[in-house]
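The values are calculated or read from the model by the stated rules, or taken from the named source; none is laboratory data. These numbers come from a predicted model, not from an experiment. When we count neighbours, we look across all protein chains shown, and the Cβ atoms used for this are built from the backbone with ideal geometry, even at glycine. Remember, those area values only see protein heavy atoms, side chains included, never the ligands or the DNA or RNA. Shrake-Rupley method; radii C 1.70, N 1.55, O 1.52, S 1.80 Å.
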Amino acid sequence: MSDQEARVVAQVDKRLFLGGQWRDAASGATFPVEDPSTRETLCEVADAGKEDALAALDIAHRTQREWAAVAPRTRGEILRGGYELLMERQEDLAVLMTLEMGKPLPEARGEIAYAAEFLRWFSEEAVRIEGGFSTSPDGKSRFLIMRQPVGPSMLITPWNFPMAMGTRKIGPAIAAGCTMILKPAHQTPLCALALAGILAEAGLPEGVLSVIPTTSPGAVTEPLLSDGRIRKLSFTGSTAVGRKLLEQSAGQVLRTSMELGGNAPFLVFDDADLEAAVDGAMLAKMRNIGEACTAANRIYAQSGVAAEFAARLSERMGALRLGRGVDEGVQVGPLIDDKARQKVQSLVDDAVGRGARVLVGGGPGEGPGHFYQPTVLADVPMDSELSYTEIFGPVAPVLTFETEQEALAAANDTEFGLVSYLYTRDLNRALRVSEGLETGMVGLNQGIVSNPAAPFGGVKHSGLGREGGRVGIEEFLDTKYVGIGGL
Ligand code: NAP
């Protein structure tokens, strides 16, 4: 590790953040955090158990009423302060993120800015929580509509966007007046702990937030979800785990927000601006090393442009520099672990076994880390495993279609429904296909949809609810109606 790398790791408090107090786990246990590009241990972090989780719950429950009474402007200014501090420390935080997660430094810088933007957006939303007043249709009573925080919230986040997935939940929860417990992914606890420290510095009162990294996620979160004092679960992660958590949430009838897996189709029509489509595909496929729920998983190119599109994409993919994300000029980092790399390899092998051609890449990269080469596959048969499995790696399968109807049917032939991408210059087709795609989001002539000011989320098995945008705060608010009579 360089001096700068050692310094940014040393700066983070590695203990549990229990309502503003830094504490070792009750058991004294710790677990190692690994750099996926070297497989070396970066540091040890406190490993929360059930006892710590219940302590966090006591704090969240105890603080809820008092926190809900804090003025919206004050809550907004704490968020704004968090935004400023994240941006001030963008460089150190980006290095920290790259070390524990692997993404190239420029992308980590981008994620810190994206994460900060959620705090800024919700600092502005905190003072715009609106209720209502109206007269009943028969004129005999009045309706007063109040918006109130849903209450103590459990937040569970994945490793792929270790800072932004945290602020996308913490931002609206603070703005709405909820207390919360964050359980980050075990691979990337450092960003979450750094964020906790920053929010405390920005003035977040004690008791509002706890952060409990753990290696026993089920044993730690299940007792909280079944307790009754938690009123909300906001989860981002795989559909399999989301489904399990939905079942657990049923017992206490929790409000739930689920941001789950994706299998994004990327459609390129004959009339598309081909260079723009290649740019968009590079972004949609390679952002975050392909480890994004929004990653283009299946690229469908119309027969008139398929060969040219695949050739141009291969040229761009083949020129990418693979390596340790903190190193200058590196554009593609390692996958998160060896299991992920083996999964990607087996999907590529399956497609090749069914007749796909490898245009570029197709195997692991060099070095001790979990590297996989940027890969383009052409002539991928529609029944290949990777057309219905989330690849989560730098592999772009190009499939060919003839008609718009065929493309739409293939795009929708999945249980997932997070995002789709569409490149065409025909306005009618653009609107027709956007309407026909069964996803929560569509990138129309653009390869990225994530924006804190827009409602992010999926349909079908990709989730429930939306994060960001005007509706993001709704996930943390209840509506109360007071019927007023005797007038
Ligand atoms: P994951 O395995 O589902 O884990 C996500 C989180 O859930 C982690 O914090 C994990 O903890 C925790 N977890 C695992 N099992 C649990 C259990 N039994 N009870 C409670 N918590 C549990 O997903 P991942 O591999 O980290 O992330 C990749 C997935 O997230 C992909 O499917 C991707 O599409 C999805 N994702 C979706 C969005 C979206 O906005 N829709 C955004 C980003 C990622 P541990 O780390 O300890 O296992």
Scanning the range 143-179 residue by residue, the ones that are within 16 Å of the ligand (Cβ to nearest atom) and assigned to a strand (DSSP E or B) total 4
Farther than 24 Å from Leu42 by Cβ and either open to solvent by 50 Å² or more (accessible area, probe 1.4 Å) or more than 26 Å from the chain's Cα centre (by Cα) (or both) - does that describe any residue in the range 327-342? no
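Table: residues versus (1) among the basic types (Lys, Arg); (2) farther than 30 Å from Thr41 by Cβ; (3) in the same structural domain as Val332 (by TED's automatic domain parsing); (4) in contact with a helix residue (DSSP H, G or I) (Cβ under 8 Å, 6 or more places away or on another chain).
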position	(1), (2), (3), (4)
Leu57	no, yes, no, yes
Tyr114	no, no, no, yes
Glu117	no, yes, no, yes
Thr135	no, yes, no, no
Asp138	no, yes, no, no
Using the structure shown, decide if Ser303 is open to solvent by 10 Å² or more (accessible area, probe 1.4 Å) and out of contact with any Pro (no Cβ under 7 Å at 6 or more places or on another chain). yes
Of the candidates Leu444, Leu477, the one satisfying the condition of being at pLDDT 95 or above and in the same structural domain as Gly151 (by TED's automatic domain parsing) is Leu477
First in the range 197-222 and free of Cβ contacts under 8 Å to residues at least 40 places away in the same chain, second anywhere and within 16 Å of the ligand (Cβ to nearest atom) and not in a loop (DSSP other than H, G, I, E, B), Cβ under 7 Å, 6 or more apart: Glu222/Gln248
Output the number of the condition that Asp271 fails; it satisfies all remaining conditions of (1) in a loop (DSSP other than H, G, I, E, B); (2) in contact (Cβ under 8 Å) with a residue 40 or more places away in the chain; (3) in contact with a helix residue (DSSP H, G or I) (Cβ under 8 Å, 6 or more places away or on another chain); (4) not assigned by TED's automatic domain parsing to the domain that holds Val305. (4)
Residue check, Arg321 within 24 Å of the chain's Cα centre (by Cα) and on the phi < 0 side of the Ramachandran plot: no
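Is one or more of the residues making up the range 225-235 assigned to a loop (DSSP other than H, G, I, E, B), of a type in the set (S, T, N, Q), surrounded by fewer than 21 Cβ atoms within 10 Å (Cβ to Cβ) and within 13 Å of the chain's Cα centre (by Cα)?
Looking through the range 225-235, none of the residues is assigned to a loop (DSSP other than H, G, I, E, B), of a type in the set (S, T, N, Q), surrounded by fewer than 21 Cβ atoms within 10 Å (Cβ to Cβ) and within 13 Å of the chain's Cα centre (by Cα).
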Is at least one residue of the range 2-9 under 26 Å from Ala173 (Cα atoms) and among the aliphatic types (A, V, I, L, M)? no
Of (1) assigned to a loop (DSSP other than H, G, I, E, B); (2) open to solvent by 50 Å² or more (accessible area, probe 1.4 Å), Pro213 satisfies every one except (2)
Ala192 passes all but one of the listed conditions (1) over 30 Å from Thr74 (Cα atoms); (2) in contact (Cβ under 8 Å) with a residue 12 or more places away in the chain; (3) within 16 Å of the ligand (Cβ to nearest atom); (4) among the hydrophobic types (A, V, I, L, M, F, W, C); the exception is number (1)
State the number of residues belonging to the range 363-388 that are assigned to a loop (DSSP other than H, G, I, E, B), within 16 Å of the ligand (Cβ to nearest atom) and surrounded by 18 or more Cβ atoms within 10 Å (Cβ to Cβ). 1
Out of everything in the range 195-210 that is assigned to a helix (DSSP H, G or I) and either at pLDDT below 95 or within 23 Å of Leu477 (Cβ to Cβ) (or both), what residue ends up being nearest to the ligand (Cβ to nearest atom)? Leu195
Selected residue (only one of Val395, Val360 is within 16 Å of the ligand (Cβ to nearest atom) and under 22 Å from Gly280 (Cα atoms)): Val395
